[in-house]
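Colleague: Questions regarding the structure given below will be posed in turn.
Any read-out appearing in this document is the output of simple, stated calculations on the displayed coordinates, not a laboratory observation. Note that the coordinates shown come from a computational prediction; the quantities given were computed from them, not determined experimentally. Every residue, glycine among them, receives a Cβ derived from its backbone with ideal geometry; neighbour counts consider all protein chains shown.
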Amino acid sequence: MTAAVARALDDDLPPLTAALTGRGIDHAVVDWHDPSVDWAGFALVVVRSPWDYARRHAEFLEWAERVAALTALANPPAVIRWSTDKRYMADLRAAGVPAVPTSFAAPGEAMDWPQADEVVVKPTVSAGSLDTERHTATRRARAEAHVARLHAAGRVAMAQPYLSAVEGERGETALVFLDGVFSHALRKGPMLVPGLSVVGGLYVEEDIRAAEATAAERSVAEAAIAAIPGAGGPLLYARVDLVPDDDGRPVVLELELVEPSLFLAFSPGAAERAAAAVAARLTTGPTARG
């Protein structure tokens, strides 16, 4: 399942659909907001690239609940609801998972600003690094103005210290898990730097390359996945984005459990592993939908 605006931009769809075809799994790629889709007619609905969900959050959550009442939905609606609001970062830290310290402020609330030379401000419901700004401590007024704009739009704001190590050799590391098992890792270039463009109005362009995850990164990612509420077992897919803290230790920057790019083309066999995870969830039924 995708969105009309994302269909041509999702680089995971071609290798995944080819791998599903190779396994003899009947499938179709449809838009989540298409009213003509009969979701009950399918054995499994796989959420892949509804990259416009942040602009239609309440509608998307209602859609997930409705579809899950009709057929199997991966990932499940409880996980979708929890992970599409980045206030889950507080839950991770409460569970003892190393994660970037994060402050939150709903409309009408004051922000408890991190003690840091630079801060990152964004809404708790967002995707693709949109509406995300980086400010120095000397530009606090601009950071506060960004929070005010988010509040005026009825959005909850969040603030995090900017960890400059993300611009170093290790940068941001994304660890991909399929059916609860680690599959592959990617290195992502820094996102909050000048000169990056927005693709299709949906996400900031990314500099991606294959990487090897360290034992410490694997450990933190696995702890984060273990802390996810409502999973009801291994998730079909999960991506854990990590950055080094000031001491070089990996901490969770973000969990991607709803519509992440899985970067299947960057790891040999990844598309086949994803298709195998889909196949494992299929019971007798006519079609798996992506």
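Colleague: Which residue fluctuates most in the GNM of the chain (Cα springs below 10 Å): Asp207, Asp247, Asp112?
Modeller: So, out of Asp207, Asp247, Asp112, the one fluctuating most is Asp247.
Colleague: Can you pull the one-decimal nm distance between simple spin-label points at Ala58 and Ser164, each 7 Å off the Cα toward Cβ?
Modeller: Distance between the two pseudo-spin positions: 4.3 nm.
Colleague: About its Cα centre, how strong a charge dipole does the chain have in debye, to the nearest 20, once Lys and Arg get +1 and Asp and Glu get -1 at the Cβ?
Modeller: Dipole about the Cα centre, nearest 20: 280 debye.
Colleague: Skipping prolines and chain starts, which residues have an amide H placed within reach, meaning under 5 Å, of the one on Ser49, given they are 5 or more residues away or on another chain?
Modeller: Amide H neighbours of Ser49: Thr2, Ala3.
Colleague: Additional query: Residue by residue through segment 78-84, what is 3J(HN,Hα) from phi via Karplus (6.51 cos²θ - 1.76 cosθ + 1.60, θ = phi - 60°)? Round to whole Hz and write x for glycine and proline.
Modeller: Coupling constants for segment 78-84: 4, 5, 4, 4, 5, 8, 8 Hz.
Colleague: In terms of modelled amide H atoms, which long-range or inter-chain residues lie less than 5 Å from the amide H of Ala210?
Modeller: When sequence neighbours closer than 5 places are left aside, the close amide H contacts are Arg187.
Colleague: At what distance in nm do the modelled label points of Ala279 and Arg7 sit from each other, each positioned 7 Å from its Cα along Cα→Cβ?
Modeller: 2.8
Colleague: Over the chain, with a Gaussian network built from C-alpha contacts below 10 Å, which listed residue (Arg273, Arg66, Arg139) shows the highest mean-square fluctuation?
Modeller: Among Arg273, Arg66, Arg139, the largest GNM mean-square fluctuation belongs to Arg139.
Colleague: For Arg249, put the label point 7 Å out on the Cα→Cβ axis and report which residues of segment 84-108 keep their amide N under 14 Å from it.
Modeller: 93, 96-101
Colleague: Let me ask another. Using only helices, what value at 222 nm comes out for the chain when you add -39,500 (n - 2.57) per DSSP H run of length 4 or more and divide by the total residues, to the nearest 500 deg cm²/dmol?
Modeller: -7500 deg cm²/dmol
Colleague: D for the chain, whole µm²/s, Stokes-Einstein with Kirkwood Rh over alpha-carbon pairs at 25 °C and 0.890 mPa s: what number?
Modeller: 125
Colleague: Amide H to amide H, which residues 5 or more places from Val251 or on other chains are under 5 Å from it, using H placed in the peptide plane?
Modeller: Val243, Asp245
Colleague: Which percent, nearest 5, of DSSP beta bridges in segment 1-141 are antiparallel?
Modeller: Bridges in segment 1-141 that DSSP calls antiparallel: roughly 45 percent.
Colleague: State, to one decimal in nm, how far the label point of Ala28 lies from the label point of Arg209, with both points 7 Å from Cα in the Cβ direction.
Modeller: Here the modelled spin labels are 4.2 nm apart.
Colleague: Name the residues of segment 109-123 whose amide N is less than 19 Å from a point 7 angstrom out from the Cα of Arg139 along the C-beta direction?
Modeller: 113-123
Colleague: Under a point-charge model restricted to the Cβ atoms of Lys and Arg (+1) and Asp and Glu (-1), what is the dipole moment magnitude of segment 61-158 relative to its Cα centre, in debye to the nearest 20?
Modeller: 120
Colleague: For segment 12-128, what are Rg and Dmax over the alpha carbons, in angstrom?
Modeller: 18.1, 55
Colleague: Which of Ala54, Ala141, Ala127 moves most in a GNM of the chain, Cα contacts under 10 Å?
Modeller: Ala141
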